[in-house]
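Asker: A single structure is presented below for examination.
Rule-based calculations on the coordinates, nothing more; no lab input. This is a predicted model, so every value here is computed, not measured. Note: ideal-geometry Cβ built from the backbone for every residue, glycine included; neighbour counts use all protein chains shown.
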Amino acid sequence: MRDAALLLLGHGSTLNADSSTPTYQHAEEIRRRGVFAEVHVGFWKEEPNFRQSLRQTSCRTVYVVPNFISSGYFTEQVIPRELGLTGPITRIGGQDVYYCQPVGLSPAMTDVLLARAKEVVAATSEPCDPRQTCLFICGHGTSLNDNSTKIIHEQAAIIRARGLYADCQGVLMEQSPFVKDWRTLTTCPNVIVVPFFISDGLHSYEDIPVLLGLTHNIREQGFVNPHREGGRRLWYATAIGTDALIAEVILDSVARFDAEHPITSAPNTSTLDDPIGSCLEDFLAKVTAPHWSIGQLRVWNSPDGSFSVNREAFPGGSVPEGAGPSLEIASLEELRRVILTDAEGHFRPLRAAPDLRSDWFMKAKDVKELRAIIDYVYPAALANWVAWRLRKTASGTPWKSTAERQSGRFRIVRELDTSSLREITGQVCDKECLKRRLWDPETQLVEENGYTIPLVCPEACNYFVNKAREKLKGPETDAE
């Protein structure tokens, strides 16, 4: 695996950072361990999107792990379609792409569920006898795909067979057995509820607590375990996907893939050309000024090959004394927390929006670390720039092609007329984004010089697609 790349794919959100945070955290933990040559992320509703995520690596072997609870619409249709996968192993442009099972299907999830149940009780000062306790594993439930509930009941059966608790049941929000009926589903005096979701959000913070009878918004008001009702006690945990042990589950998914596909036990270690590295090195070699920029980032070159990166708050001139950034970022994790919100603390769903905070700086010891910083601030920006630079043409994916790829509740964007398309383009692309558009209805001129790497947009992003849907259906909500 040290010669391979890991691509961890999550859902993401245009409304808050909760959805993508666990995917980033697990990727960062695996990256720290040095298990893979490279570790990248991709999202359905954030940047980089699924289609662009593969462009970030030049490794011959890429393991793709969906950070999803179950098999279903996203893992069986969306991800294969967006990445161009034809099966468990797909050759794409010289790369062998290995498509692993979703993390929720790993047998290792059982130990994570048990650990989370134990931890939520241990965090309180009250003992809880497992022999008088029912553990509920709570999922969403849907009539659209049986797989989304199958894994929940399977996990409950496995834990029940171990005899660690008096009982263990799978319960659902929108299907029987309903979580709201917990009082009658068990007679145990103690109850532990673990949400079987990848991230904390509307369901785990609001919907499930209300169904349990806790009534208040945990996100805003907090929650003190255990909840008491009629002489019974209930402990409520956070979403299972936020547990640090999920990093082990991801690695288990990769190991299981290798075991089930022995040909992958000897991955292709021959090197691909690294056009991103080559183009960046070529650009740096020609920079004569002490600093250069990409988007709102300013990069200072040092004689020893290191770099200092901060927000381009004073373009074209020196930084006034005392006006420079004061917050030094020491890790990608810290950088993620800084760039996900603007100066007022509002979530930034569009990474190329001109509202990047300007109170920070970060150092990179070499080009590899510099690339990682840029990829965090502007996901896939270097890959898109290189693709444009080598192609030397303004062609991108036409909106019609992007719209035709949409399915499910986004299928409606195919009905967007030209007038509405131009309206949204003017509002979102021209006013809210720093990227130069390479796709119709009106492509934009991309200028390249010796001190700026342009941000290019090869296709309508998922933020734009969401806005197109809003135009036709109304504003999106967290529940969607």
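Asker: In the structure displayed, which of Lys368/Lys435; Lys118/Lys180; Lys180/Lys473; Lys45/Lys150; Lys118/Lys150 lie more than 29 Å apart, Cα to Cα?
Answerer: Result: Lys180/Lys473 exceed 29 Å.
Asker: Then there's this: For a protection proxy built on the mean count of beta-carbon atoms within 10 angstrom, sort 11-23, 402-414 highest first, please.
Answerer: Descending packing order for the listed peptides: 11-23, 402-414.
Asker: On to the next question. Sequence-distant or interchain residues sharing an amide H contact under 5 Å with Cys168, placed H: which?
Answerer: Hits under the 5 Å cutoff: Leu135.
Asker: Sum -39500 (n - 2.57) across every DSSP H segment of at least 4 residues in the chain, then divide by the residue count to get the 222 nm mean residue ellipticity, nearest 500.
Answerer: Helix-only estimate at 222 nm: -9000 deg cm²/dmol.
Asker: Mind checking Rg over Rh on the chain, alpha carbons, Kirkwood formula for Rh?
Answerer: 0.99
Asker: Can you list the HN-Hα couplings for segment 281-294, worked out from phi with the Karplus curve (6.51, -1.76, 1.60; θ = phi - 60°), rounded to whole Hz and with x for Gly and Pro?
Answerer: Per-residue couplings from phi come out as 4, 5, 5, 5, 5, 9, 6, 9, 7, x, 8, 9, 9, 9 Hz.
Asker: Between Leu245 and Glu154, what is the label-to-label distance in nm when each label sits 7 Å out along the Cα-to-Cβ direction?
Answerer: Taking the two extended label points, one gets 1.8 nm.
Asker: In the neighborhood of Pro22, defined by Cβ-to-Cβ distances under 9 Å, what is the net charge if each Lys or Arg adds +1 and each Asp or Glu adds -1?
Answerer: Result for the local shell: -3.
Asker: Related question: Of all DSSP beta bridges in segment 1-105, what percent run antiparallel (nearest 5)?
Answerer: Counting DSSP beta bridges with both partners in segment 1-105, the antiparallel share is about 20 percent.
Asker: Next up: Could you put Ser302, Ser148, Ser71 in order, starting from the residue whose Cβ has the fewest other Cβ atoms within 10 Å?
Answerer: Going from least to most buried by this count: Ser302, Ser71, Ser148.
Asker: For segment 340-434, what number results from the quotient of the Cα radius of gyration and 2.2 N^0.38 Å?
Answerer: Taking the Cα Rg and dividing by 2.2 N^0.38 Å, one obtains 1.36.
Asker: Return, in residue-number order, each cysteine of the chain whose C-beta is not under 4.7 Å from any other cysteine's C-beta.
Answerer: Cys59, Cys100, Cys128, Cys138, Cys168, Cys279, Cys429, Cys433, Cys457, Cys461
Asker: Next question, about the same structure. Mind running the shape call on segment 109-242? Use the C-alpha gyration tensor, a ≥ b ≥ c as the square roots of the eigenvalues: rounded below 1.5 for a/c, prolate if a/b tops b/c, oblate otherwise.
Answerer: rounded
Asker: Kindly give Rg over Rh for segment 275-383, based on alpha-carbon atoms, with the Kirkwood expression for the hydrodynamic radius.
Answerer: The Rg/Rh ratio comes out at 0.94.
Asker: Compute the acute angle (0 to 90°) between the alpha-carbon long axis of helix 246-260 and the principal axis of greatest extent of the alpha-carbon atoms of the chain; round to the nearest 10°.
Answerer: Roughly 90 degrees between the two axes.
Asker: Related question: Would you mind computing, in nm to one decimal, how far apart the modelled labels at Glu260 and Arg2 are, each placed 7 Å from Cα along Cα→Cβ?
Answerer: In this crude label model, Glu260 to Arg2 measures out at 2.8 nm.
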